[in-house]
Amino acid sequence: MTIDVVNLNDRERLVKKRFDIGVKLCDELEDLLEMATEYDNGTSTSTRRRNRMFEKLRNLMKEGTRKSDFSATAATVILHEESYSQIKQLFINLNLWNNELIDLEKEVAFCALDV
């Protein structure tokens, strides 16, 4: 009923916006996966690269938290995108997955829709 009352399926105003957010997040996750893979392969292992990767993942995950607009869309895309799983595993293997990311992932999971 809420969907109808606040017109959440208004194509121009919200549906397209959610689609655009999903596409952007998928692209950003693919870019991050490429960066993390290069770091893992030893192609680019600078401290600067490591910090950029961490910052990029943290910022992407923050988009799926309660404080962000369209958080449910962002959280759902993040958690269900295969590249996110691969990034997470690379971060774990590289000892970059820390308590901050664990807490962010919990928050993202709270906001994600069941699909």
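Mind checking the angle between helix 99-111 and the chain's longest principal axis? C-alpha axes, 0 to 90 degrees, to the nearest 10.
20 degrees
Give me the dipole magnitude in Debye, nearest 20, for segment 27-111 about the Cα centre, with unit charges on the beta carbon: positive for Lys and Arg, negative for Asp and Glu.
400 debye
Enter the mean projected area of the convex hull around the alpha-carbon atoms of the chain, in nm², rounded to one decimal.
7.5 nm²
Just from its helices, what would the mean residue ellipticity at 222 nm be for the chain, if runs of 4 or more DSSP H residues each count -39500 (n - 2.57) and the sum is divided by every residue, rounded to the nearest 500 deg cm²/dmol?
Helices in the chain give a 222 nm mean residue ellipticity of -22500 deg cm²/dmol.
So for each of 89-102, 58-71 I average, over its residues, the number of other beta carbons within 10 Å; can you give me the resulting order with the highest mean first?
Packing order, densest peptide first, comes out as 58-71, 89-102.
Report, to the nearest 10°, how far helix 47-62 tilts away from the longest principal axis of the Cα atoms in the chain, using its own Cα long axis and a range of 0 to 90°.
Between the helix axis and the principal axis of the chain, the angle is about 20 degrees.
To test your reading of the geometry: what angle, between 0 and 90 degrees and rounded to tens, separates the Cα axis of helix 16-41 from the longest principal axis of the chain?
Tilt of helix 16-41: around 10 degrees.
Each reported figure results from applying straightforward, stated rules to the coordinates on display, with no laboratory input. Quick caveat: nothing in here was measured; it's all calculated off a predicted structure. FYI the Cβ positions are ideal-geometry reconstructions off the backbone, even for glycines, and counts take in every protein chain you see.
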